[in-house]
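The values are calculated or read from the model by the stated rules, or taken from the named source; none is laboratory data. If you're wondering where the values come from, they're calculated on a predicted model, not measured in any experiment. Ideal geometry is used to build each Cβ from the backbone, glycine not excepted, and the neighbour counts take in all protein chains shown.
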Amino acid sequence: MHALFQISELRRLIFEYLEREEQVCCAQVCRAWSKEALDTAWCKVDNLSQLANVLPPVKKRKGGKIRISQKAWRRWTKYSNRVRILYHQTDDDCSSLLQTIQIIKSLSSHIFPRLHTIHWETSKNAELYDVIMFMHDQVKHFTISCNISQEEVGDQLPRNDATQAVVEAILTRVPFLNTLKLDIALPSEWAPCIAHILKNLHCLKSVQIPSFEDMSHILSSLSIRSGLKSLELCRYAQPALFDASGGVAQRALVNIGTFGPWLRGGTSICSGASDVENDAFSSLEYFSALVRKYSTMNTFFQHREFHHLRSIKLHVSPVDDSKSVQKLFRAISGNCPSLEKLILGWYSHRVVQDDALVLGDIHDILSCKKIKEFEFSAPFSFDLSDKDVEQIALAWPQLRKLDLCPYPVGRQHFQKLSLWAVYLLIHLCPGLKDVSLCINTRASETPALKTSSLPIRIVPGGYRPQNLAELDSLVVGYFDLQPDDEFEVDTLLSRICGPECQLEYGIDLGNEDEDYDIREDRWERVKSSYLRHDINHWEMVKSYSLDHYEENCLLFYFSEEMDFRNFLI
């Protein structure tokens, strides 16, 4: 045997990269390899029936019912003691198998005594019962997901006893959880029960639960968790997310409370609470929620400091206006100095704001200098100029992704942004990978792409052309090419797009001024003008007019394999 394989730590690392069949073969090499290979092969179980195969005799017996002998049970124990992760994701009914194992197994011990992670996913509410038999105090990470179809439950949320049994078992059976994820539909009256459970799980670091309209009790329970790092309040089983007309159901978060009477000692933050009382959620690094209005979260962000918060994701029903966006950004920017990722989205297809955002509406968030990803998918249009994008690029030099509504709702297509804005971004943000903007691709309205026109900026060592960002994707939005613009636009894009960049453009089917085939042919000529190109895929996507839901846009994607930026002058 090579000396390398005599180091057990290296063997274990090698086994982890092998497929299961290869791990089983390694277990047969020698006694030294057997234990480590089997530990690796049986660390994660995603097929309970496969594990149950160790119970029957190795040799097939004729006639009669197979009884599980003590020898077979010892063989079962040999493998079950190795299981660390249980990942159950199937609609097959394995209840009878599990009940048999539970009966044979001693009531004083656990089926998988070293289990630390449970992920139980099913589409049948009754099957949630089965997960209880695997729950014990060594489990640190617990996820249950029950996605029930709308046809199965109708307009009512499921209230099966199995759901209640599992939720109530959390506190008694898995009291030392670090991670709790409940992707199930829960009735609104369960909010106090969930709050009580969260309050008494003292080791929680990550929580993902369904959102309720009133989250004040739940958030007050979580505010005392000093080590909480991740909080998601937007996970739903399907019927709890959308109503019959396609809008956000009533379960979007409406009230989070003032937090004044709910903090430690009952002291209000706004009335001079102590530093100890003001550290609610101070360790939080990731926050996500589905809210009815952006203003719902103002109280949450504006009265406490989130020194470690790096990622915020909010989805909203579009009933707010640009003023609400301003207030939200002001609250976030004042108390989240470490913010790196901000995603704002919306769900409803029915209500559309005939409003436009300008740079002043989002200006406050530019003070968060560590931003790397900024996505704003809203019913608003962005009325930005190239100069506005320059301010964004100068404020966020570490930017990796910028997405500002490339396909605005309605028919307001502002034509201020040009490809010069993207040229600015790739020079001022060297780590940039993805850009999505609503861009005017008319060549006649695009300034010359010259480095001499770039803004003067103090860069250590001076400006270096090799610091150009290598884009992975560029989305230019709805704007159509004008007649005879193909070659010029091709030249402009080749000054911006890197060798692996994927271009996405949309053709507005609602525009009846010109035949669709003519507009598509222009983009085809742009693609064919490259020396080599690959068409990745194309697909129909959904877009929304001001008054009704319709299909009115085609998106196309293509990527060039040649980098022309250093070739063209």
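Here is a yes/no grid of residues against (1) under 26 Å from LYS370 (Cβ atoms); (2) modelled with pLDDT of 90 or more; (3) among the basic types (Lys, Arg):
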site	(1), (2), (3)
GLY260	no, no, no
THR267	no, no, no
GLY272	no, no, no
LEU290	yes, no, no
ASN298	yes, no, no
HIS308	yes, yes, no
LEU314	yes, no, no
VAL325	yes, no, no
- Task: Name the residue, out of SER96, SER49, SER34, that is modelled with pLDDT under 70, exposed (fewer than 15 other Cβ atoms within 10 Å of the Cβ) and part of a helix (DSSP H, G or I).
- Result: SER96
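Results for (1) touching a Lys or Arg at 6+ places or on another chain (Cβ under 8 Å); (2) assigned to a helix (DSSP H, G or I); (3) within 22 Å of ILE365 (Cα to Cα); (4) modelled with pLDDT of 90 or more, shown as yes or no for each residue.
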position	(1), (2), (3), (4)
GLN391	no, yes, yes, yes
GLN398	yes, no, yes, yes
TYR407	no, no, no, no
LEU425	no, yes, yes, yes
THR441	no, no, no, no
SER444	no, yes, no, no
LEU449	yes, no, no, no
PRO460	no, no, no, no
PHE479	yes, no, no, no
- Item | Conditions (1) under 30 Å from SER109 (Cα atoms); (2) modelled with pLDDT of 90 or more; number of the one not met by ASP161 | (2)
- Task: Could you grab me the full set of residues in region 11-25 that are over 31 Å from the mean Cα position of the chain (by Cα) and hydrophobic (A, V, I, L, M, F, W, C)?
- Result: VAL24, CYS25
- The condition from (1) at pLDDT below 80; (2) surrounded by fewer than 16 Cβ atoms within 10 Å (Cβ to Cβ); (3) not in a loop (DSSP other than H, G, I, E, B) that LYS78 misses is numbered (1)
